[in-house]
Amino acid sequence: MKQSHLPQNNSIGAEKPKTGMIGGKIRELRKSTSMTLKQLSAKTSLSVGYISQIERNLSSPTLKVMLDISRVFKVNISFFFQDNKAKGNDAEEYILRHHQRRNISFEPGIDDCLLNTGAVKKLQVLLSTFQPGASMDEGYCHEGEECGIILAGNLELWIDEELFVLGQNDSFSFPSTKVHRYRNPGITQTVVIWAMTPPSY
C-alpha cells in the first residue's frame, strides 16, 4: 500500500523571510569566488559602501539590487534565503505544504510566496500579495518570460512605461526583458499568481 501524504495543519503561517541572512550569504559567495568589494561594485554599478552595508545587514537591498547581484554570481534570489537545513522527506519532493512556503519581501507591502518545490528547475510560480498603495517604483528587467492572473483586487502594470490597469480575473504575459513595474492602486489587498521562466527568485 502506498504511503498517504496527508497535509499538516494549515493554520500555521508560511515561513517568513530571514532577511538577516542575505548580507552574510552575499559576503560568503563573494569571498568564495575571490571577488573584492570593488570588483562587485564594478559589475553591479553599486557603490562599495552600499554593498558593504548590505553585507553587514545595515541596508536592505531592493529587488532590482538583488537581481543585479544574483546575475553576477549566476544564482537565483532564493539562494540568499536558503537556511541550509537538511532536506526533508523525499516523499514530499513534489508537494509543498502551506506551512512550508517561503516568503520573500523586498518592498514594503509586497510579499512574494514561492509555490513550487525544488523538483521544478525551469519554472517559478509565486503568490504575490500587494497591500493597498504598495508599489515597485523602480522598473527592472531580466531574461525570460512571465505571466499571471489577478485573483483579487486591482493592479497597475507598466511594461516599457505603457500602463495597463488589471482587475480580478484579468491576466497578463510579457517578455521579462521589457522594463516593468507595478502598483496596487486600490484600497483593498491585491493577490496575483505570477509565473516566470527561467526562475528569477
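Every number here is computed from the coordinates shown, using simple stated rules; none is lab data. What you are looking at is a predicted structure, and each value in this text was computed from that prediction instead of being measured. Heads up, the Cβs are rebuilt from the backbone with ideal geometry, glycines too, and the neighbour counts pull from every protein chain shown.
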For this session: Using the charge dipole of the range 91-197 (Lys, Arg: +1 at Cβ; Asp, Glu: -1 at Cβ; taken about the Cα centre), state which of THR188, PHE130, ALA119 has its Cα farthest towards the positive end.
Result: ALA119
Problem set entry | Whether the range 21-81 is rounded, prolate or oblate, judged on the alpha carbon gyration tensor where a/c under 1.5 counts as rounded | rounded
For this session: Between ILE149 and MET21, with labels modelled 7 Å along Cα→Cβ, what's the label distance in nm to one decimal, could you check?
Result: 3.3
Problem set entry | Residues GLU156, GLU28, sorted so that the one with the fewest Cβ neighbours within 10 Å comes first | GLU28, GLU156
Seminar exercise, completed: To the nearest 0.05, the calculated FRET efficiency linking ASP137 and ASN57 through their beta-carbon distance, R0 being 30 Å, is 0.80
Exercise. How about the range 119-201: which trypsin sites (Lys or Arg not before Pro) there lie in a loop by DSSP and see at most 16 other Cβ atoms within 10 Å?
Worked result: LYS121, LYS122, LYS178
Exercise. Net charge near SER171, counting Lys/Arg +1 and Asp/Glu -1 over other residues with Cβ under 14 Å of its Cβ?
Worked result: -3
Exercise. If R0 is 30 Å, what FRET efficiency do you get for VAL125 and ILE187 from their C-beta distance, rounded to 0.05?
Worked result: 0.65
For this session: Sort the range 161-201 into rounded, prolate or oblate with this rule: let a ≥ b ≥ c be the square roots of the eigenvalues of the Cα gyration tensor; rounded if a/c is under 1.5, and if a/c is not under 1.5, prolate when a/b is larger than b/c, oblate otherwise.
Result: prolate
